[in-house]
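Participant: Encoded as structure tokens, here's the structure I'll be asking about.
The values are calculated or read from the model by the stated rules, or taken from the named source; none is laboratory data. Quick caveat, the model's predicted, so the values are computed rather than measured. Cβ placement follows ideal geometry from the backbone for every residue including glycine, while neighbour counts extend to all protein chains displayed. What goes into the accessible areas is simple: the full protein's heavy atoms, side chains included, and nothing from ligands, DNA or RNA. Shrake-Rupley method; radii C 1.70, N 1.55, O 1.52, S 1.80 Å.
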Amino acid sequence: MRRANDRLTTLVTSVVEPMGYETLGVEHVAAGSGQAVLRVYIDHADGIGIEDCEAVSRQLSSVLDVEDPISGHYDLEVSSPGLDRPLFTLEQIARYRGHRIRVRLEQKLDGRRNFEGELLGVSDDGQRLELALDGGATAVPVAWIESARVVPEFNFSQSAR
């Protein structure tokens with residue numbers, strides 16, 4: 001799964017969690033032409049608003065300026081996970097058993113890299129995800145996962161009032 005290195009993730013977490021937020025994930029991604037993005041996803045039981053993102057961004061920016069863990073220029077983005085929340089760890093993925101998730105693999109499995117289906121579970125050894133796809137179950141190797149996201153589900157069966 002696409003994540004920042006452990007040192008950077010630990011640094012970010014050491015700032016975010018004492019502020020009362022959960023660090024869902026940290027991505028350090030090259031954005032082209034020498035630019036990079038440090039993307040931090042935060043969550044809270046009461047939800048995340050723009051004020052929360054601003055507060056974490058200010059605090060984190062100050063610490064990153066002092067610690068200087070990233071060489072070169074980068075943009076810092078602090079975000080809520082949104083409806084199609086990214087999943088960074090096997091533990092986060094396992095929480096969504098029974099829900100639809102979208103998985104992108106680093107290499108092809110059965111001729112494809114993108115899978116979307118109901119998460120049936122995680123193997124006992126933590127090596128595979130079982131997804132309900134095309135009327136059957138497919139085992140997806142955890143080690144091959146580039147990214148995973150929850151697929152938002154909406155219930156439009158009730159009429160608007």
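Participant: Within segment 1-24, count every residue that is surrounded by 15 or more Cβ atoms within 10 Å (Cβ to Cβ) and assigned to a helix (DSSP H, G or I).
Facilitator: Residues that pass the stated criteria total 7.
Participant: Quick one: would you say Glu27 is open to solvent by 70 Å² or more (accessible area, probe 1.4 Å) and charged (D, E, K, R)?
Facilitator: So Glu27 fails the test.
Participant: I need the full set of residues from segment 33-48 which are open to solvent by 40 Å² or more (accessible area, probe 1.4 Å) and on the phi > 0 side of the Ramachandran plot, in order please.
Facilitator: Residues satisfying the conditions are Ser33, Gly34.
Participant: Let me ask another. With Asp68, Asp84, Asp75 as the choices, which residue is on the phi > 0 side of the Ramachandran plot and acidic (Asp, Glu)?
Facilitator: Asp68
Participant: Which one is nearest to the chain's Cα centre (by Cα) among residues in segment 56-80 that are part of a loop (DSSP other than H, G, I, E, B) and without any contact (Cβ under 8 Å) to a residue 60 or more places away in the chain? So that I can check it myself, show each step before the final result.
Facilitator: Initially, segment 56-80 is screened for residues part of a loop (DSSP other than H, G, I, E, B), giving 68-74, 80.
Right, trim to without any contact (Cβ under 8 Å) to a residue 60 or more places away in the chain and you get 68, 71-74, 80.
Numbers: Asp68: 24, Ser71: 23, Gly72: 24, His73: 23, Tyr74: 19, Ser80: 10 Å.
My answer is Ser80.
Participant: In this structure, does Leu76 turn out to be surrounded by 18 or more Cβ atoms within 10 Å (Cβ to Cβ), of a type in the set (A, V, I, L, M, F, W, C) and under 18 Å from Arg3 (Cβ atoms)?
Facilitator: Against the criterion (surrounded by 18 or more Cβ atoms within 10 Å (Cβ to Cβ), of a type in the set (A, V, I, L, M, F, W, C) and under 18 Å from Arg3 (Cβ atoms)), Leu76 does not qualify.
Participant: Name the single residue that is nearest to Asn5 (Cα to Cα) among those in segment 105-125 being in contact with a Phe, Trp or Tyr (Cβ under 8 Å, 6 or more places away or on another chain) and open to solvent by 40 Å² or more (accessible area, probe 1.4 Å). So that I can check it myself, show each step before the final result.
Facilitator: Of segment 105-125, the ones in contact with a Phe, Trp or Tyr (Cβ under 8 Å, 6 or more places away or on another chain) are 105-107, 109, 119.
The next check asks that each one be open to solvent by 40 Å² or more (accessible area, probe 1.4 Å); those that pass are 106-107.
Working: Glu106: 18, Gln107: 21 Å.
Once the filter is applied, the top-ranked residue is Glu106.
Participant: Next question. I'd like to know if segment 134-155 contains one or more residues that are touching a Lys or Arg at 6+ places or on another chain (Cβ under 8 Å), modelled with pLDDT under 95 and exposed (fewer than 10 other Cβ atoms within 10 Å of the Cβ).
Facilitator: yes
Participant: I've got another one for you. I'd like to know if segment 50-60 contains one or more residues that are open to solvent by less than 50 Å² (accessible area, probe 1.4 Å), touching a strand residue (DSSP E or B) at 6+ places or on another chain (Cβ under 9 Å) and within 30 Å of Leu129 (Cα to Cα).
Facilitator: Within segment 50-60, none of the residues are open to solvent by less than 50 Å² (accessible area, probe 1.4 Å), touching a strand residue (DSSP E or B) at 6+ places or on another chain (Cβ under 9 Å) and within 30 Å of Leu129 (Cα to Cα).
Participant: Let me ask another. Restricting to segment 81-95, name every residue that is open to solvent by 50 Å² or more (accessible area, probe 1.4 Å) and in a loop (DSSP other than H, G, I, E, B).
Facilitator: Leu83, Asp84, Arg95
Participant: When segment 15-48 is examined, which residues are found to be without any contact (Cβ under 8 Å) to a residue 12 or more places away in the chain and either of a type in the set (Gly, Ala, Ser) or within 18 Å of Gly72 (Cα to Cα) (or both)? Can you show your working first?
Facilitator: So in segment 15-48, the residues without any contact (Cβ under 8 Å) to a residue 12 or more places away in the chain come out as 17-18, 30, 32-33, 45-46.
Across segment 15-48, the qualifying residues are Ala30, Gly32, Ser33, Ala45.
Participant: Conditions first: (1) closer than 26 Å to Phe154 by Cβ; (2) of a type outside the set (Ser, Thr, Tyr); (3) touching a strand residue (DSSP E or B) at 6+ places or on another chain (Cβ under 7 Å); (4) modelled with pLDDT under 95. Leu90 passes all but one, so which condition is the exception?
Facilitator: (1)
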